[in-house]
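Below is one structure, written out as structure tokens; comments come after it.
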Amino acid sequence: MRGPRTRFPLRLKLSVMAAALTVLPLMGVGLALININVREIRNRIKEFQIVVADDVGQAVRMSLHGAETALAAIGHHLTDADLPEGERLARALAAVGADPILDEVAVYDAEGAFIDGMREEGALPRTHPPVLAPALRPEAGVVAVGEAVMADQVRVPLAIRLVVNGRTTGFLTSLVSLADVQARVDRLASTHFPELPDPLMVVDQQRRILARGDRRAGPLLEPAPDSALVTGLDPAAMRAGLSVAEEYTGPDGRAMVGAAVRVQDHPWAVVVQQPREVVYGVVDTIRASVIGVIGLAALLAFAGALFVARRISNPLRELAAFAADLAARRFDRRVQVRTRDELALLGEAMSGAAADLQASEARIREELAIRNDLGRYLPGELVDKVVRREQDMGLGGRRTPVTVLFADVVGFTPLTEHLPPEKVVTVLNELFTILTEIIFRHGGTVDKFIGDCVMALWGAPRAQPDHATRALLAAEDMMRWLEIGNAGWQQRFGISLQLAIGVNTGEAVVGNIGSETRMEYTAIGDVVNVAARLEAIARPMQVLISETTRRAAGDRFEFVPLGARELSGRSEPVQLFEVRT
């Protein structure tokens with residue numbers, strides 16, 4: 001039977017909707033222009049911060065350069081061979097008194113020993129170190145700058161070398177005030193960053209604050225607050241040169257925009273930082289306004305397409321609800337769409353698919369029920385073969401090489417005397433659950449549970465060339481896991497378990513054993529009996545194996561030979577080995 005005709009094709013309806021979507025390119029252009037402007041503003045702000053940092057750096061250089069020049073002039077007076085010694089000293093003292101930067105100068109000899117000090121009238125005397133630090137003994141023509149100290153204010157040690165006829169005769173040092181630098185920082189902070197917390201700082205190579213634009217934020221010469229920007233000011237970077245502008249998170253969790261610029265010729269840096277909401281507040285407002293206007297235009301444009309959209313949305317809602325029914329596996333539902341277009345064809349196809357899924361679901365439920373039931377008794381591979389009708393269900397088996405493992409709880413019966421039966425079952429179930437997972441993880445098959453003992457085998461039903469190795473790896477994992485399990489059982493029940501494990505390798509008959517009405521898939525043979533005997537004589541937390549298992553497992557494990565041992569039911573002794581776990 002022919003389906004409904006498409007009198008109003010879906011593509012026609014979508015074409016009407018596409019007319020409204022012309023507003024989307026306008027939105028894209030508007031947002032692109034906003035982003036371009038935002039990037040431009042961001043670059044301008046970073047450039048501005050770097051310019052401010054350079055301004056402060058220039059103030060630092062000018063202040064220290066003035067002090068260097070003054071020290072050099074004083075040194076020239078003291079080493080002028082054309083003047084008498086008294087005149088040289090008088091001129092040097094006059095230069096100290098007249099210089100607005102230096103208020104005291106110390107003189108050291110060529111070995112760095114203190115000689116005397118010169119200070120301007122009214123200046124407070126300072127105590128000078130008896131020996132000049134090696135870091136303040138510069139090479140000829142070089143000025144040494146030491147670490148800042150707090151005297152009456154922040155001061156920086158400055159030193160020059162005195163040279164006469166190419167020979168070093170001594171050194172001049174002075175504690176140079178950074179008051180001019182602090183004043184410049186104050187002016188820039190109040191002009192460009194009013195009411196902002198700690199917007200401007202000068203830090204040394206130990207990241208201590210030499211000058212700051214917000215005195216309320218803390219004292220000078222304390223470590224600068226940690227942030228991504230300040231943390232990057234390591235001494236190596238400050239010696240090599242530094243100019244960074246980035247966005248980061250401040251120590252109080254606020255988003256910040258900052259820049260750090262190294263002071264030329266000095267291992268210091270100027271840090272400029274502002275909260276992001278202050279810097280980009282106007283930008284965010286503009287962006288929100290533009291987006292709002294574009295959004296309003298989009299709403300107005302789409303309003304004209306509501307009628308057509310309704311003609312599409314109603315059947316789509318029906319189809320969506322039907323799809324939700326299918327997702328919820330309610331395959332008995334059907335949908336009818338009467339739009340006489342492609343949506344009606346889709347509804348008819350979905351109803352047909354639901355009918356097919358309903359029939360398939362019944363088959364799947366039947367197969368899953370069979371799998372779940374069989375999985376309680378048979379290995380997973382056998383279950384798959386039984387469901388696919390590939391497994392021979394007749395009695396009997398085939399001879400195949402296998403490795404058999406018995407793991408038994410040592411002394412479990414006395415432990416159960418102190419526990420209620422419900423807790424005994426809980427402990428056994430938890431133990432067997434983990435042992436089963438370990439056996440499965442190493443490709444083994446759980447043959448059966450015998451009281452507090454589990455029997456597993458490798459090499460059947462699927463052949464495994466390394467079945468002995470897999471069995472010993474599983475035994476090691478069982479012993480390791482038991483330490484973790486005992487911690488929980490000791491805490492919950494006050495007991496600890498110990499396993500004794502026996503492993504043997506050889507040929508066994510593997511298949512369906514029992515009767516036509518009741519059978520089980522298992523292994524029969526001497527290899528099983530020997531494995532059970534080994535488990536019976538194993539000490540707690542010991543893994544005993546036979547000579548055949550040792551040869552099959554190779555050299556991957558550490559074996560301890562225990563000699564020959566006669567086992568019950570066997571005429572010949574068996575060579576035993578212990579596996580070190």
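Structure notes:
- Percent carbon-and-sulfur accessible area, the range 80-121, ignoring ligands, DNA and RNA, probe 1.4 Å: 49
- The largest accessible area among PHE449, PHE193 belongs to the first residue in PHE449, PHE193, and the rest follow in falling order (1.4 Å probe, all chains).
- Packing-based order for 46-57, 86-97, using average beta carbon neighbours within 10 Å, highest first: 46-57, 86-97
- Among the GluC sites (Glu not before Pro) in the range 98-192, those placed in a DSSP loop whose Cβ has at most 12 other Cβ atoms within 10 Å are GLU111, GLU121, GLU139.
- For the range 437-487, the Cβ-based charge dipole about the Cα centre amounts to some 180 debye (Lys, Arg positive; Asp, Glu negative; other atoms uncharged).
- Under 12 Å, Cβ to Cβ, from ASP214 - net charge with Lys/Arg +1 and Asp/Glu -1: 0
- Solvent-accessible area of LEU457, all protein chains in place: 0 Å² (probe radius 1.4 Å, heavy atoms, ligands and nucleic acids excluded).
- For the range 441-565, share of DSSP beta bridges that run antiparallel, in % to the nearest 5: 75
- Considering the range 478-560, its Cα convex hull presents a mean projected area of 8.1 nm².
- Convex hull volume of the Cα atoms of the range 437-581, normalised per residue: 132 Å³.
- Cα-centre dipole for the range 89-202 with unit charges at Cβ (Lys and Arg positive, Asp and Glu negative), debye to 20: 340
- Loop-located GluC sites (Glu not before Pro) across the range 475-581 with a Cβ neighbour count of 16 or fewer within 10 Å are GLU516, GLU558, GLU566, with loop assigned by DSSP.
- For the range 115-181, the set of trypsin sites (Lys or Arg not before Pro) satisfying both a DSSP loop assignment and a count of at most 15 other C-beta atoms within 10 Å is given as ARG126.
The values are calculated or read from the model by the stated rules, or taken from the named source; none is laboratory data. Bear in mind that the values here come from a model prediction, so they are computed numbers and not experimental data. Heads up, the Cβs are rebuilt from the backbone with ideal geometry, glycines too, and the neighbour counts pull from every protein chain shown. Keep in mind that these areas ignore ligands, DNA and RNA; they rest on the heavy atoms of the full protein, side chains included. Shrake-Rupley method; radii C 1.70, N 1.55, O 1.52, S 1.80 Å.
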